[in-house]
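This report refers to the structure that appears directly beneath it.
The values are calculated or read from the model by the stated rules, or taken from the named source; none is laboratory data. Model, not experiment: these values are computed from the prediction. Here the Cβ is made from the backbone with ideal geometry for all residues, glycine too, and neighbour counts use every protein chain on show. SASA here: full protein model, heavy atoms, side chains in, ligands and nucleic acids out. Shrake-Rupley method; radii C 1.70, N 1.55, O 1.52, S 1.80 Å.
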Amino acid sequence: MRIALIFPPNIYQTKQVMAPLGIAWLAAVLRKNGYDDISLIDSMANHYTNDDILTLLKKESPDLVGISFGTQIRFSAFDLARLIKKNFPSVPIVAGGPHPTLTAEDTLENISEIDIVVRGEGEISFLNLVKAIDNKEDLGDVRGISFRNEMGQIVSTPPQPLIQDLNSLPLPARDLLPMEKYEQKTILSKKICTSILTSRGCPYRCVYCSTSRQWGHQIRHRSAKNVVDEIEYLLRTYPFLEGIRFFDDVFTVDKKRAIDICQEIIRRKININWECEVRANTIDRELAKIMRKAGCEFIDLGVESGSNRILKNIKKAITTEQAIAAVKTIKEAGIEVKAFIMHGLPGETYKDIKKTVFLSRYLFYELGIEGTTQAISLIYPGTELEKIAKEFGTLPKDFSWSKYYIRDRSYPPLNPCPYMPIFEQPDLSYEQIFHYVKKAKFAYFLRHPINFLKSFSKHRKTIKKWLTTKIR
């Protein structure tokens with residue numbers, strides 16, 4: 001059975017620097033179970049258009065096509081599915097990944113070219129689906145999928161139990177990807193790196209995030225030995241690699257395991273720079289110190305808001321005091337840090353946004369963090385934010401993620417992906433969010449003019465956007 005797994009073109013971003021581990025893991029599990037005729041098509045690394053992908057498929061003549069995608073690139077994936085089905089009408093097209101998982105019925109109702117959706121953690125469900133198709137067995141016996149039956153009705157089978165022993169999975173089939181083409185670099189030292197996922201699941205319930213719907217609330221870990229074995233394999237197989245990005249949602253959620261990984265890196269004398277994401281309530285001096293000794297040079301920290309009231313609203317389970325303490329701890333260990341900030345969160349007022357702006361500037365100018373990523377709150381399917389927006393009426397109750405959507409307003413530099421709805425509230429529109437953030441930034445720099453002068457040469461393009469963008 002010939003299987004093609006595709007990561008489609010991104011019509012919003014011009015490049016994708018990270019290898020698509022999702023389809024690489026599917027391929028590895030398939031090969032382990034005797035399905036060897038597999039191709040991985042990463043359109044971003046190869047700069048493929050949908051037409052380029054079709055040309056490849058005509059050469060390969062696959063018996064099954066899988067497309068993995070997130071919400072921001074859903075329309076590119078839908079167009080690709082239509083193109084493939086037009087040219088290969090009898091070939092089953094399977095969709096998987098974050099977006100199809102959270103919109104399975106909506107996708108099947110509106111995108112007729114997609115035949116089957118694999119929901120959630122895909123390795124076991126997809127393997128069983130391939131076996132069922134190969135042996136002409138009933139799809140209803142495959143757990144964790146949604147499909148149309150012979151009557152055209154959408155059937156969703158019970159969820160596939162989560163994989164408890166992640167060590168049992170083979171390493172992602174990176175040999176099927178053009179590893180030399182990826183442009184992923186460590187943020188601080190700019191060294192060529194690749195991503196590793198050492199855990200799945202998230203125990204937290206942030207209102208804007210859908211991770212737990214994809215991977216589950218139960219967090220499952222690979223062992224320290226298993227993780228460091230993969231690092232050594234990557235360095236041995238791809239000598240151009242000099243860095244690692246741990247792509248876990250929270251690398252430090254289990255302190256003991258994080259320390260075990262660091263100790264194993266140190267014990268094996270692996271000299272490599274690496275980076276990860278942490279939460280403010282999962283880092284302390286002991287952990288930060290050993291992380292630095294093991295090669296950690298950069299951490300992304302989710303701060304989100306400068307208002308404790310808003311942090312409570314979004315169920316972040318941290319405080320601003322914890323965020324400040326975490327930054328100090330990380331910096332004292334000799335690790336650089338960037339803070340993620342969001343504007344337009346549920347219940348925000350100008351006062352809250354001002355607190356957030358002032359906190360971000362304090363972290364940057366007073367504590368010396370590497371920078372901040374400030375974004376406007378977007379709605380993703382399956383999140384509590386989506387539910388709240390529908391209750392507010394700022395997102396239609398019958399909103400379909402499969403029907404074409406493009407936002408008709410854009411205010412740079414707060415101008416996210418145009419194919420994503422912004423979280424707006426009855427008393428806090430996109431325009432008001434932009435105005436409040438701009439006003440708060442000006443209020444800060446009026447108090448700290450020297451810091452404005454420090455920023456001007458480095459950020460003058462962004463400053464110009466704030467000054468020149470006009471609100472409708």
So, with +1 on the Cβ of K and R and -1 on the Cβ of D and E, and no other charges, what is the size of the charge dipole of segment 216-359 about its Cα centre, to the nearest 20 debye? 380
Give me the percent of the accessible area of the chain that comes from carbon and sulfur atoms, probe 1.4 Å, all protein chains in place. 51
Does anyone have the angle between helix 123-134 and the longest principal axis of the chain? Alpha-carbon axes, 0 to 90°, nearest 10? 20
Can you list the residues, at least 5 places off or on another chain, whose amide H is less than 5 Å from the amide H of residue 343, using H built in the peptide plane? 375, 376, 377
Give me the number: length gained by fully extending residue 454 to residue 188, i.e. 0.36 nm times residue separation minus the C-alpha to C-alpha distance, one decimal in nm. 93.7 nm
Students sometimes get this wrong: rank 264, 332 by accessible area, probe 1.4 Å, all chains present, largest first. 332, 264
Would any residue of segment 170-194 have its amide N under 16 Å from a label point 7 Å out along Cα→Cβ of residue 56? List them or say none. 173-183
Classify segment 88-149 from the C-alpha gyration tensor, please: rounded if a/c falls under 1.5, else prolate or oblate depending on whether a/b exceeds b/c. oblate
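What ranking, highest mean first, results for peptides 448-461, 115-128, 362-375, 72-85 when packing means the other Cβ atoms within 10 Å averaged over each residue?
Listed from highest to lowest mean packing, they are 115-128, 72-85, 362-375, 448-461.
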The helix 21-32 Cα axis meets the longest alpha-carbon principal axis of the chain at an angle in degrees, between 0 and 90 and rounded to 10, of 30
How many percent of DSSP beta bridges within segment 184-320 run antiparallel, rounded to 5? 20
Among the aspartates and glutamates, which fall within straight-line cross-link reach of residue 331, defined as a Cα-Cα distance under 17 Å, with same-chain neighbours fewer than 8 residues apart omitted? 275, 277, 284, 286, 297, 300, 321, 366, 370
Within segment 224-265, the residues whose backbone N lies under 11 Å from a label point placed 7 Å from the Cα of residue 284 along the Cα-to-Cβ direction are 255-256
Working from Cα positions, state the angle (0 to 90°, nearest 10) between the long axis of helix 449-468 and the longest principal axis of the chain. 50
Reachable lysines, given that their alpha-carbon falls under 23 Å from the alpha-carbon of residue 59 and they are not under 8 places away in the same chain: 85, 86, 181
Out of 203, 182, 357 - ranked by how far each Cα lies towards the positive end of the dipole of the chain, with unit charges on the beta-carbon of charged residues - the top one is 357
Using the structure shown, select from 355/470; 438/465; 190/316 the pairs with a Cα to Cα distance greater than 19 angstrom. 355/470; 190/316
In whole Å, what is the distance between the alpha-carbon centres of segment 378-452 and segment 330-366? 17
Rounded to the nearest 5, what % of DSSP beta bridges with both residues in the chain are antiparallel? 25
Would you please classify the overall shape of segment 1-158 from the alpha carbon gyration tensor, given that a ≥ b ≥ c denote the square roots of the eigenvalues, rounded means a/c under 1.5, and beyond that prolate means a/b larger than b/c while oblate covers the rest? rounded
Measuring with a 1.4 Å probe in the full set of protein chains, what accessible area per residue, in whole Å², belongs to the chain? 44
Might you report the magnitude of the Cβ-based charge dipole of the chain about its Cα centre, with Lys and Arg at +1 and Asp and Glu at -1, to the nearest 20 debye? 2200
Everything considered on the Cα gyration tensor (a ≥ b ≥ c; rounded for a/c under 1.5, else prolate if a/b is larger than b/c, else oblate), the chain must be described as oblate
Lone cysteines in the chain, going by a 4.7 Å Cβ-Cβ cut-off? 193, 202, 262, 276, 296, 417
Work out the length of the dipole vector of segment 308-443 about its Cα centre, built from +1 on the beta-carbon of each Lys and Arg and -1 on the beta-carbon of each Asp and Glu, and round it to the nearest 20 debye. 180
